[in-house]
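Report on the following structure.
We did not get these values from a lab; they are worked out from the coordinates using the rules stated. Everything numeric in this text was worked out from a predicted model, so none of it was measured. Reconstructed Cβ throughout: ideal geometry from the backbone, glycine too, with neighbour counts over all protein chains shown.
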Amino acid sequence: MAKKVLVTGGTGYIGSHTVVSLMEGGYEVVIVDNLSNSNREVVDGIAAITGKRPILEEVDCLDKQALTKVFEKHAPLDAVIHFAASKAVGESVEKPLLYYRNNIGSLLNVLDMMLRFGVHHIVFSSSCTVYGQPDKEHLPVSELAPVQKALSPYGHTKQVNEDILYAAAYAHKELRVTLLRYFNPIGAHPSALIGEQPNGVPNNLLPFVTQTAAGLRDKLRVFGNDYHTPDGSCIRDYIYVVDLAKAHVKAVERMLSNALQETITPPDAERVEVFNLGTGRGLSVLEIVNTFMRVTGQNIPYEIVGRREGDIEQVWASPEKANRVLGWKAETPIEQVLLSAWNWEKRIRHIQ
Ligand code: UD1
């Protein structure tokens, strides 16, 4: 019988690509999403790609009664992938209580349900933000780099949620946890049927670039060219969302196949595994913009402005552990990734 995975936030950007990967891997998927930052058409896109409709339960993870019904209805579940969360760094500074309540409350409810209904495997959607600005000696960033004080409530919720999962795994020996720390996910499915659709003015670089190319924005503002990097702009590890999605399937497979866990710190939490998901290569903001212009033939007017508060100068992953232990690698060339982002933007804006 097909294994069944419940995916919270499954109509979101990374969630929807992961649902596609799971379905292509033969899993049955139940999406739980309150559609606060997505819409029902995402399910149509997933169905068009995979030829099968995933189940969508339109439920907020904070609504414990409704969540209970979902777990009851779809039992037995083999695993949960928990994406559902608010993710805008700036907004989290303005509305910290909303972020703490939503991001932490959701995970607590999901864990309560898992324990109650005997679901023992969870993949948690974490972020490289937990590392802050790593010291030079920790670049590229491995899973052993120290977690540093968070720079925003958003980042802090990721850290607190990781701690909650460690504590839960310690107390409940049947639980197995995989923490996936993403670097900067970009791009869209090659079909252009699903992709990133931010509400309002995008905070993240790639949606701003594609919206500028589509004529929705006058120009891109590049936040700072006086960093200690070769061209002065910040460096990130941009990872293709389709590659990232596949890592989730590998993580679920690994937990379900009961593969041996590597002991990581803290030492009593060997049923918790952490993986950094990136390409291992850092690219600057200007490299991204120039490569985008070259591969798409679109002009991106931009101006250099002051630094953005809270930005980290440079960070990129060591994906060595994920490569070795999960048998996963981010392989898609950046040119192809940037083109996929543009193809998606063109489709949703009806540009030929
Ligand atoms: C940050 C977090 C990431 C989190 C994400 C959520 C870090 C290292 N990363 O990503 O974990 O999941 O927020 O939103 O803390 N830029 C411009 N102009 C723009 C937009 C961005 O120059 O209009 C630059 C930024 O200064 C940065 C780079 O582009 O150097 C990437 O920015 P963005 O896409 O917002 O991602 P992060 O801030 O790296």
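Inter-part distance, segment 27-42 to segment 98-164, computed on C-alpha centroids, equals 22 Å.
Restricting the calculation to Cα atoms, every distinct pair contributes to the Kirkwood radius of segment 143-248, found to be 17.2 Å. A straight Cα-to-Cα reach below 19 Å connects Lys346 with the aspartates and glutamates Glu41, Asp44, Glu196, Asp218, Glu335, residues fewer than 8 places away in its own chain not being considered. Directionally averaged projected area (segment 1-61, Cα convex hull): 3.6 nm². With contributions of -39500 (n - 2.57) from each DSSP H run of at least four residues, the per-residue ellipticity at 222 nm computed over the chain stands at -12000 deg cm²/dmol.
Straight distance only, please: which lysines reach the Cα of Lys4 with their own Cα at less than 19 Å, same-chain residues fewer than 8 apart left out? Lys4 reaches Lys52, Lys69, Lys73, Lys246, Lys250. Label-to-label distance for Asn204 and Leu97 is 2.9 nm, based on points extended 7 Å past Cα in the beta-carbon direction.
Extending 7 Å from the Cα toward the beta-carbon at both Leu256 and Asn39 defines two label points whose distance is 3.2 nm. With a cut-off of 13 Å between beta carbons, the residues surrounding Asp243 carry a summed charge of +2, where Lys and Arg count +1 and Asp and Glu -1. Out of Leu107, Leu144, Leu193, any idea which swings most in a Gaussian network model of the chain, alpha carbons joined below 10 Å? Per the Cα network of the chain with a 10 Å cutoff, Leu144 tops the list.
Which net charge results for the neighbourhood of Trp316, defined as the other residues with beta-carbon distances under 10 angstrom from its beta-carbon, given Lys and Arg at +1 and Asp and Glu at -1? Value of the local net charge: +1. Please return the longest stretch of the chain lacking exposed loop sites, where trypsin sites (Lys or Arg not before Pro) count only if DSSP places them in a loop and at most 10 other Cβ atoms lie within 10 Å. It works out to 174-352. Value of Rg to Rh for segment 187-232, rounded to two decimals, is 1.07; Kirkwood radius and Rg both from alpha-carbon coordinates. Under 16 Å of direct C-alpha separation, and excluding same-chain neighbours fewer than eight residues apart, Lys87 reaches these lysines: Lys95, Lys158. The coefficient of translational diffusion for segment 167-320, derived via Stokes-Einstein from the alpha carbon Kirkwood radius under 10 °C and 1.306 mPa s, stands at 89 µm²/s. The local environment of Val32, defined by Cβ-Cβ distances under 9 Å, has a net charge of -4 under the rule Lys, Arg +1 and Asp, Glu -1. Ranked by the mean number of other Cβ atoms within 10 Å per residue, highest first, peptides 10-17, 272-279, 313-320 order as 10-17, 272-279, 313-320.
Summarising the label geometry, the points placed 7 Å from Cα in the beta-carbon direction at Thr68 and Glu174 lie 1.9 nm from one another. Expressed per residue, the C-alpha convex hull volume of the chain stands at 127 Å³. Our analysis of segment 304-352 gives Rg over Rh at 1.15, with the two radii drawn from alpha carbon positions and Rh computed by the Kirkwood formula. Compactness of segment 1-154, taken as the C-alpha radius of gyration over 2.2 N^0.38 Å, stands at 1.11.
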